[in-house]
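Here's the structure we're looking at; comments come further down.
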Amino acid sequence: MSNAEPDYEVVVVGGGINGAGIARDAALRGLSVLLLEKNDFGSGTSSWSSRLIHGGLRYLEHAEIPLVFESLRERRRLRQLAPHLVKRLRLNIPIYEQSRRSKLIVRLGMIAYDLLSIGKNVPRHKMLSRDELIEAEPGINQEGLLGAAQYYDAQITFAERLVLENIIGAQEAGADVRNYCPAIGINVSQGIVQSIHYLKQGSAQETEVTTSLVINAAGPWVDRVLATVNREIPRFMGGTKGSHIVVGRFESAPGSAFYIEAAADGRPFFIIPWNGQYLIGTTDIRYYGDPADVVASKEEIRYLLDETNRVFPGAKLTVQDIHFAYAGVRPLPRREKGPESAITRKHIIKKHRRVAKGLVSIIGGKLTTYRNLAEQAVDLAVRVQGGAAGTCETRTMPLPGATGIEAARKRLDALNCLSESGVDRLLGIYGGRASRIAGLAVNESHLIRTLDEEGTVLAAEVVFALRHEFAVNLTDIVHRRLMTGLSADQGLGISEEIAAIAARESNWNNSEKEQQLAELGQYNARLKSPVH
Ligand SMILES: Cc1cc2nc3c(=O)[nH]c(=O)nc-3n(C[C@H](O)[C@H](O)[C@H](O)COP(=O)(O)OP(=O)(O)OC[C@H]3O[C@@H](n4cnc5c(N)ncnc54)[C@H](O)[C@@H]3O)c2cc1C
């Protein structure tokens with residue numbers, strides 16, 4: 001590289017939760033940042049998790065105490081910094097005569113979790129007797145039931161929106177953020193990163209920008225990004241696949257979340273009230289294929305259905321009851337031996353010093369701990385540049401939607417077209433940023449109308465997604481902006497109407513609009529595919 005200033009001090013590859021968090025933190029510290037995402041922001045693993053902001057009770061079994069402590073601290077922060085997205089969640093762990101984890105073991109785990117949670121604003125655990133649990137959750141299988149532990153964690157219904165708010169926050173702090181821009185080559189010379197090549201959105205045009213620091217936050221694609229460096233680099237990733245099913249309210253369904261030991265293999269899994277439905281998962285299986293191709297298998301679905309029916313016998317769930325299913329690849333470090341559950345969930349910030357100064361990869365990481373991971377990665381980035389780390393602002397700076405929520409409620413109410421649940425829906429997705437949607441609707445009054453019979457989805461949201469939230473196509477709008485694609489009917493009732501508004505806004509002609517609808521149909525079909 002010449003002595004000229006690089007185009008960017010940092011280029012982040014990957015717009016999942018970790019890349020988005022890193023870009024925001026780096027931009028807030030005054031670095032010039034480019035973030036490249038090959039698809040839509042948040043469309044990778046960050047969309048396919050159990051959607052919990054949790055300490056990870058299970059990690060206690062593997063003595064990952066610092067990870068649990070870090071997670072619980074970050075859980076508290078996220079509830080403060082994104083209260084519209086992260087909500088408290090009550091969970092029950094039923095204990096049976098035949099459980100591998102005895103009442104004593106569960107109790108000890110709970111005490112440890114409470115101790116690690118001290119000062120972290122959730123109630124302490126409670127042990128419930130058999131009768132107390134049956135009274136609270138009459139649908140539970142009572143055979144051999146001894147009682148339960150009840151504790152609190154947090155849930156993020158739409159993790160996609162947490163990614164997006166970090167992207168928006170990064171842009172507000174001065175970062176250039178680009179979706180549909182795959183990084184295709186990292187250029188190293190004389191042991192130093194010189195530049196990165198990427199394709200421009202919607203074209204095959206290759207662009208090169210100079211930089212002396214690339215942070216590879218491509219989740220399960222980390223090795224694939226490293227393969228684009230003009231040097232040999234060993235492989236680091238060893239992902240495991242996890243699948244979930246989503247069903248409607250079923251006979252004997254619980255009122256709160258359950259964390260249950262599976263009879264088949266002793267692994268704990270969740271049944272979680274989520275988005276008006278139930279999210280059930282997950283599995284943990286080594287995965288060697290392309291993360292983009294991962295789908296829930298018939299065996300995983302059978303396992304999740306059988307285990308749910310065992311604990312809630314009235315459920316009698318079958319494949320036909322599944323609204324959709326999804327799978328993701330945990331971006332874990334490579335470990336060929338031992339059980340999947342024993343692979344550490346701690347993140348690693350890997351400097352590839354032997355290959356190039358200025359090349360760093362993120363291995364692992366949870367939604368819950370993304371902010372701290374980003375802080376550590378940016379501390380390192382600044383040091384690599386020879387500077388002082390400066391103050392990390394993300395510890396205390398709310399995410400963009402976290403402020404002005406009550407003012408937004410008033411502005412939405414004043415539109416006089418949304419139902420009460422519609423107002424709550426918008427606040428739960430956009431937080432205080434919903435004020436801007438109301439403002440847009442007031443300025444363009446044809447957008448003051450709802451698209452569904454329940455009066456919950458506002459026409460202005462579609463235009464807002466395209467103008468202010470980086471949505472490029474209909475699938476982005478439906479699945480990662482308005483979030484209607486994750487409802488029981490996958491938002492099918494209003495997709496045509498959303499497409500019509502988007503077509504007007506983006507000047508799609510009729511065949512382009514039909515193409516967008518067809519692509520959305522394919523995306524939905526993939527989520528439905530295990531059911532057929
Ligand atoms: C089944 C399952 C359950 C989970 N449950 C939880 C949970 O309940 N709580 C929790 O805290 N964590 C959970 N996790 C972990 C968490 O979801 C992930 O660790 C986290 O989302 C990883 O984020 P990421 O940004 O590293 O990766 P990703 O979200 O995958 O983002 C990487 C991005 O890089 C992009 N990319 C790839 N190649 C390129 C390229 N060449 N150029 C540009 N962009 C590129 C991809 O398109 C992708 O968007 C779970 C994970 C799984 C799989």
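The values are calculated or read from the model by the stated rules, or taken from the named source; none is laboratory data. The structure presented is a predicted model; accordingly, all values stated were derived computationally and were not measured. Ideal geometry is used to build each Cβ from the backbone, glycine not excepted, and the neighbour counts take in all protein chains shown. These accessible areas exclude ligands, DNA and RNA; they are computed on the full protein's heavy atoms, side chains included. Shrake-Rupley method; radii C 1.70, N 1.55, O 1.52, S 1.80 Å.
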Cα-based Rg and Dmax for the range 382-448, where Dmax is the largest Cα-Cα distance (Å): 17.6, 55
Rounded to the nearest 20 debye, dipole of the range 113-224 from Cβ charges on Lys, Arg, Asp, Glu: 320
Qualifying trypsin sites (Lys or Arg not before Pro) in the range 262-339, DSSP loop, other Cβ atoms within 10 Å at most 11: 337
Gain upon complete extension [residue 420, residue 290; 0.36 nm per residue less C-alpha separation]: 42.5 nm
Residue 90-residue 319 FRET efficiency (beta carbon distance; Förster radius 41 Å; 0.05 resolution): 0.90
Of every Cα-Cα pair in the range 247-329, the percent that sits beyond 15 Å: 56
Whole-number D in µm² s⁻¹ for the range 350-414, Kirkwood Cα-pair radius fed into Stokes-Einstein, 25 °C, 0.890 mPa s: 166
Cα pair distances of the range 428-487 binned at 5 Å [whole percent]: 4, 20, 29, 29, 16, 2
Radius ratio Rg over Rh of the range 105-217, counting only Cα atoms, Kirkwood formula for Rh: 1.28
Packing-based ranking, highest mean first, of 123-134, 175-186 given that Cβ atoms within 10 Å are counted: 175-186, 123-134
Length added when fully stretched, residue 7-residue 385, from 0.36 nm per residue minus Cα-Cα: 134.7 nm
Separation of alpha-carbon centers, the range 46-83 and the range 234-263, rounded to whole Å: 16
Shape parameters for the range 224-380, alpha-carbon atoms, Rg then Dmax in Å: 18.7, 59
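Just to confirm the filter: which GluC sites (Glu not before Pro) across the range 302-396 are DSSP coil and have at most 11 other Cβ within 10 angstrom of their Cβ? Spell out each step's value before the answer.
Details: sites: 307, 336, 340, 375, 393; in loops: 336.
The qualifying sites are 336.
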Environment charge at residue 153 (Cβ cut-off 9 Å; Lys +1, Arg +1, Asp -1, Glu -1): +3
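Order the peptides 474-484, 63-73 from the highest to the lowest mean number of other Cβ atoms within 10 Å of their residues.
Sorting 474-484, 63-73 by mean packing, highest first, produces 474-484, 63-73.
For a protection proxy built on the mean count of beta-carbon atoms within 10 angstrom, sort 238-244, 423-429 highest first, please. All intermediate terms of the calculation are to be shown ahead of the outcome.
On the way: 238-244: 24.1, 423-429: 20.9.
With the highest mean Cβ count within 10 Å placed first, the list reads 238-244, 423-429.
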Taking N as its residue count, the alpha carbon Rg of the range 7-155 over 2.2 N^0.38 Å: 1.33
Stokes-Einstein D (µm²/s) once Rh is taken as the Kirkwood radius of the chain over alpha-carbon pairs, at 37 °C in 0.692 mPa s: 136
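How many percent of the accessible area of the chain is carbon or sulfur, using a 1.4 Å probe?
On the way: 10650 of 21330 Å².
The computed percentage sits at 50.
Only sites in a loop by DSSP and with at most 13 other Cβ atoms within 10 Å count here; which GluC sites (Glu not before Pro) in the range 195-270 make the cut? Present the calculation step by step, with values, prior to reporting the outcome.
Values: sites: 206, 208, 232, 251, 261; in loops: 232, 251.
Answer by residue number: 232, 251.
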FRET E, pair residue 518, residue 452, Förster distance 22 Å, beta-carbon r, rounded to 0.05: 0.50
Where labels lie 7 Å past Cα in the beta-carbon direction, separation of residue 190 and residue 127 in nm: 6.8
Charge dipole (debye, nearest 20) of the range 259-395; +1 at Cβ of Lys and Arg, -1 at Cβ of Asp and Glu: 860
Accessible surface, the chain, averaged per residue in Å² (probe 1.4 Å): 40
Calculated FRET value between residue 444 and residue 472, using beta carbons and R₀ = 25 Å, to 0.05: 0.75
